[in-house]
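This report concerns only the one structure given below.
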C-alpha cells in the first residue's frame, strides 16, 4: 500500500460488476461500482494526513493522499494559550 | 522493550534539593532571584508560590513584559515585576510568539508522564498497542499490562480520554522515546484512536499501522455496515435500494467518504422493476485539516440480499481506517524503510448479490519541532476498494 489505489473486487460472472477502486494518491474520491445485474460496491475515499512542525518539514517520501487533493496539509505546532 | 527512568532520577533530585511537592510542579523549577531576602528565603518563597512572588521590598525580578524560553523545557513571562512560570513546553517554545508549543488533542502535561522508552524490534510478530486498555503485547507476551498510569516495568504511561459526542475516544501512550526497527510492526487495536506522546525522538524504520483490511474499523475509525445496512460513522456509505421477493438483481453499496467523496455503488441493471439504484457514497465533509478532533475513517455500506434467493449472500462494508497521532518533543524521522498506514478496508465478498462499499482512509497526525519523511518512506491513508457483485 502506498499511493496505488486499492483495486475494487473483480467481477465473478458476466452479469456482475466489479467494485470501484479505493482512493489514493492524487485521486481523493472513491470510484463508482460498475453497473450490472449484481453491481459492484463503491470505493472508499482517502482520509487525512497532517504534519505540524516548527520548521519546514522534509517530505521526500510518498504521501497518499497527495497534497493536490487537499487532504494532506502542513501546519505549525499549536501554541498554548497564556 | 528497553526500560529507562531518566525522569525518575531527575524528579528524585529535584525533590531532595528543593522539597518540591511534585515532580511535575513546573512552577517550582524556577527560583526567584534578585530579592533583598536571603537567597534561601527568596527561592523557597518562589517555589512554594509557583514563581508568582519573591521576598518583599527588593528590586523587581524582571521588567516589562519579558518572556523567556528556558533550557529546562519550560517558559516564563514577566508579570508585575515577577517571573511567572508558564509550565512545560513539551514540543518547543517560541519567544517570538511568546508561547509554548503543545500537542494537539491532549494536555501538554501528558507528554512528560512516561518515564521509559519503547523499542519495537524486527521480527517476532507485531507489537500490539491496545488503545482501550493500555496493554502492549507481542506474540501473546504481555510487555505492558492493561491499566492507566505509569507502568513500573516499561515506564510507559497510558490514559484514555473522551472527545466530543459521536467521536472516538483517545488511547494515549506516553514515553520518552520511540523506535520501530526495520521489519518491526507497531499495530494499534481497539475502539479508541491511538495517540503516542514522546518527550524525545521518534525513529521509524519499520511500520506503524492503524489500517484495517476488512469490515472492522481501525482504532478510532468506524465499522463497515452489516448486510443491508449503511456503514457506521459520520461519512458512511449508504446502502443500495431494496429488493423484493423474486428479485435476482441487487445494486452495490456506497463507499465511505472522508476528505473525498466515497464512490457510489453501481446500479443493478435488470429489466424494470428489478433495477435498483446503487447506494450513495459518503460525503467529503468529515474531519478537519488540523485533525482536531482526531477521527478515523467511516464504514462502507453492506451489500443487499437479492430478494428471497437463499444463495444470495452479500458481504459487509469495509471498515474505516484508524486514527493515529504522534507528538514528539524532539524529532520524528520516517526513514526509507519506514511506513505509516491508516488505510480503509475493502468491501466484503459477495455471492449472487451486489458488492459492498469500501471504507474510507483514516487519519495520520505527526507533530514535532523537526519532521523528516525520507526518500522511500510511505505515509498512506487510502480508501478501501469496493466489493464486486457476483452472479454465478
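Could you tell me whether the range B:229-242 includes any residue that is farther than 25 Å from residue A:66 by Cβ, within 7 Å of another protein chain (Cβ to nearest Cβ) and buried (at least 24 other Cβ atoms within 10 Å of the Cβ)? No: the range B:229-242 contains no residue that is farther than 25 Å from residue A:66 by Cβ, within 7 Å of another protein chain (Cβ to nearest Cβ) and buried (at least 24 other Cβ atoms within 10 Å of the Cβ). Of the residues in the range B:87-109, not one is touching a strand residue (DSSP E or B) at 6+ places or on another chain (Cβ under 9 Å) and farther than 30 Å from residue B:288 by Cα.
Just so you know, in the range A:17-46 the residues that are surrounded by fewer than 24 Cβ atoms within 10 Å (Cβ to Cβ) and in contact (Cβ under 8 Å) with a residue 40 or more places away in the chain include one that is farthest from residue B:319 (Cα to Cα), and it is A:26. Within the range B:295-345, being assigned to a loop (DSSP other than H, G, I, E, B) and either more than 10 Å from every other protein chain (Cβ to nearest Cβ) or without any contact (Cβ under 8 Å) to a residue 40 or more places away in the chain (or both) holds for B:305, B:307, B:308, B:309, B:310, B:311, B:316, B:329, B:330, B:337. Within the range A:8-59, track down each residue that is in a loop (DSSP other than H, G, I, E, B), within 19 Å of residue B:290 (Cα to Cα) and within 7 Å of another protein chain (Cβ to nearest Cβ). Of everything in the range A:8-59, those that are in a loop (DSSP other than H, G, I, E, B), within 19 Å of residue B:290 (Cα to Cα) and within 7 Å of another protein chain (Cβ to nearest Cβ) turn out to be A:28, A:45, A:46, A:47, A:54, A:55, A:57.
Within the range B:76-112, the set of residues being buried (at least 18 other Cβ atoms within 10 Å of the Cβ), more than 11 Å from chain A (Cβ to nearest Cβ) and not in a strand (DSSP E or B) comprises B:110, B:111, B:112. When B:263, B:278, B:287 are checked against the criterion of being within 7 Å of chain A (Cβ to nearest Cβ), at pLDDT 95 or above and either crowded, with 24+ Cβ neighbours inside 10 Å or closer than 14 Å to residue A:33 by Cβ (or both), B:263 stands alone in meeting it.
The values are calculated or read from the model by the stated rules, or taken from the named source; none is laboratory data. Fair warning: this is a prediction, and the values are worked out from it, not measured in the lab. Heads up, the Cβs are rebuilt from the backbone with ideal geometry, glycines too, and the neighbour counts pull from every protein chain shown.
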